[in-house]
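Asker: Submitted below is the structure of interest, expressed as structure tokens.
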Amino acid sequence: MRQDRSANSDLAASAHRQLPALVDTYKHLHRDPELSHREEKTAAYLATALRALGYTVTEHVGRYPDGSQAFGVVAVLANGSGSRLLLRTDIDALPVEEKTGLDYASTIRSTNPEGQSVGVMHACGHDLHMTVLLGTAREMAERKRAWHGTLMLIGQPSEETIDGAKAMLADNLYERFGRPDFVVSEHDHNDVPAGSVAMKAGPLLAGSTGVYVTMRGVGGHGSAPQIGKDPIVLAAEFVLVAQTIVSRQIDPQQPAVLTVGTIHGGTKNNTIPDEVTMGLTLRTYSNDVRDQIVAAVRRTANGLAEAYGIPEDRLPVVTLGESTPPTLNDSALNERIRASAVSALGRERVLDARATMGSEDVGLYTLDGKIPGVMYWLGAADPEKLAQSRKTGVPLPGLHSALFAPVYEPAISTGVTAMTAIALDLLR
């Protein structure tokens, strides 16, 4: 049964009444971001706020492969028998020096894993996600007569390094706190107007796989390249040939991206190095297509090396690194939460989402689709600026940009209204 019109009107009004406090929360979180694996203060802030609302909160949930503990937060509100709903927010920030000039801009600096000094910014909107989750948490706590079941809120660390969800699951998340019947999350988007949400069934975000290629040669003096085997020239040719893998070996109906993001080799301009390393990112909506491209990368690297006469014991080394599956929205659940959002916001504010080749690790909570899950876009763009951008073709500052600045007030109130309406319907 859907919420009636008066209930939805009351929900929107209640979310609006929360807005001043939630804006303060948003600005606090924006001013004080923390990098992945280091979200100690952010997690503590989230946990304290949720305890104050009556949730049973557990901190330090999550374990990384090296054995270190993560800063995951799990907050549970049990309200009789019924379904179990997982709502997830991410909590980490990016190594980006903010350039928005806003009065609440981050001036935080930290060191990255390589020991470099970097600015830190919520350039992906995780501060907005946390704020909406806290607003929703309050609405659900105050409306316990309107629902029954168990609400499980997740404050997930290390989304930007796509190992936070994996760490929480590795720490027996579902064994300790119960396996959910539904998984729902949101992500802000600069291509959706603030004051609206956008939804779709099927692929929303691509799976991501890190691919690392080491071209090995035979080093020597730069004045006598004929004596050695130059891995820099070999790597340069690989970069160009690799661009044809997607365009000439993959079905055009299967979206895929293969990008070479890093290349390192050599220490002196007159010396041919022994090896060159390259870091690639691979994005697909299909694991089969991913495997096909990985095989093509190996084949291309080896083929070029053999053509260059590289000895068999110096052929390229191709390894796979960090990975996350595609975000595939369950069709039936998407239809259900879309109806909830339309009822709460109005049809004109619930748009059709467009899939992107960006990646997320939220899909891991669905256990390969065994649990119905949906992520939807929360509008964050100024509607007039977005309309102008679409006319001119000049994009607005987007996610991970030092200039990214969501239009936070309508995004927060819309986010709280939509997510609460969805939660109430799923737990009715």
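Every residue, every condition in (1) touching a Lys or Arg at 6+ places or on another chain (Cβ under 6 Å); (2) under 28 Å from Asp425 (Cα atoms); (3) open to solvent by less than 40 Å² (accessible area, probe 1.4 Å), yes or no:
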{"residue": "Ile310", "(1), (2), (3)": "yes, no, yes"}
{"residue": "Ile337", "(1), (2), (3)": "no, yes, yes"}
{"residue": "Gly393", "(1), (2), (3)": "no, no, no"}
{"residue": "Leu399", "(1), (2), (3)": "no, no, no"}
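Asker: Please go through region 362-380 and give me each residue that is more than 22 Å from His400 (Cα to Cα) and surrounded by 24 or more Cβ atoms within 10 Å (Cβ to Cβ), ordered by number.
Answerer: Here is the first cut: in region 362-380, the ones more than 22 Å from His400 (Cα to Cα) are 364-374.
Across region 362-380, the qualifying residues are Gly373, Val374.
Asker: When Ser9 is evaluated against the numbered criteria (1) open to solvent by 50 Å² or more (accessible area, probe 1.4 Å); (2) closer than 25 Å to Gly373 by Cα; (3) among the hydroxyl-bearing types (Ser, Thr, Tyr), which criterion, by number, is the only one it fails?
Answerer: Ser9 satisfies all of (1) open to solvent by 50 Å² or more (accessible area, probe 1.4 Å); (2) closer than 25 Å to Gly373 by Cα; (3) among the hydroxyl-bearing types (Ser, Thr, Tyr) except (2).
Yes or no, residue by residue, for (1) charged (D, E, K, R); (2) closer than 24 Å to Thr161 by Cβ; (3) in contact with a Cys (Cβ under 9 Å, 6 or more places away or on another chain):
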| residue | (1), (2), (3) |
| --- | --- |
| Leu35 | no, yes, no |
| Leu46 | no, yes, no |
| Ala52 | no, no, no |
| His60 | no, yes, no |
| Asp66 | yes, yes, no |
| Val74 | no, yes, no |
| Asn79 | no, no, no |
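Asker: Check region 315-333 and report whether any residue there is in a helix (DSSP H, G or I), under 25 Å from the mean Cα position of the chain (by Cα) and surrounded by fewer than 16 Cβ atoms within 10 Å (Cβ to Cβ). Walk me through it before giving the result.
Answerer: Let us first name the residues in region 315-333 that are in a helix (DSSP H, G or I), namely 331-333.
With under 25 Å from the mean Cα position of the chain (by Cα) added as a condition, the list becomes 331-333.
Those left that are additionally surrounded by fewer than 16 Cβ atoms within 10 Å (Cβ to Cβ): 331-332.
The answer is yes; a qualifying residue exists.
Asker: Select from region 391-422 the residues that are in contact with a His (Cβ under 9 Å, 6 or more places away or on another chain) and among the small types (Gly, Ala, Ser) and write down the one among them that is modelled with the lowest pLDDT.
Answerer: Gly398
Asker: Restricting region 191-242 to residues that are among the polar types (S, T, N, Q) and over 22 Å from Gly398 (Cβ atoms), which is surrounded by the most Cβ atoms within 10 Å (Cβ to Cβ)?
Answerer: Taking region 191-242 first, the residues among the polar types (S, T, N, Q) are 196, 208-209, 214, 223, 226.
Now drop any that are not over 22 Å from Gly398 (Cβ atoms), which leaves 209, 214, 223, 226.
Numbers: Thr209: 23, Thr214: 18, Ser223: 9, Gln226: 7.
The residue in question is Thr209.
Asker: Find the helices (runs of 4 or more DSSP H) located wholly in region 92-195 whose residues include 1 or more that are closer than 22 Å to Thr281 by Cα, and list them. Spell out how you get there, then give the answer.
Answerer: Values: elements: 126-142, 164-170, 173-177.
Result: 164-170.
Asker: Can you tell me how many residues within region 134-164 are of a type outside the set (D, E, K, R) and within 14 Å of Glu39 (Cβ to Cβ)? Give the derivation first.
Answerer: Quick first cut of region 134-164, residues of a type outside the set (D, E, K, R) only: 134-137, 140-141, 146-158, 161-162, 164.
Now restrict to residues that are within 14 Å of Glu39 (Cβ to Cβ): 154-158, 161, 164.
Result for region 134-164: 7.
Asker: I would also like to ask the following. Condition first: surrounded by 19 or more Cβ atoms within 10 Å (Cβ to Cβ), outside any loop (DSSP other than H, G, I, E, B) and at pLDDT 95 or above. Can you find one or more residues in region 381-390 that meet it?
Answerer: Yes - at least one qualifying residue is present in region 381-390.
The values are calculated or read from the model by the stated rules, or taken from the named source; none is laboratory data. Worth saying up front: this structure is predicted, and the values here are computed from it rather than measured. So basically every Cβ, Gly included, is an ideal-geometry build from the backbone, and we count neighbours across all protein chains shown. Only protein heavy atoms, including side chains, enter the accessible area calculation; ligands, DNA and RNA are left aside. Shrake-Rupley method; radii C 1.70, N 1.55, O 1.52, S 1.80 Å.
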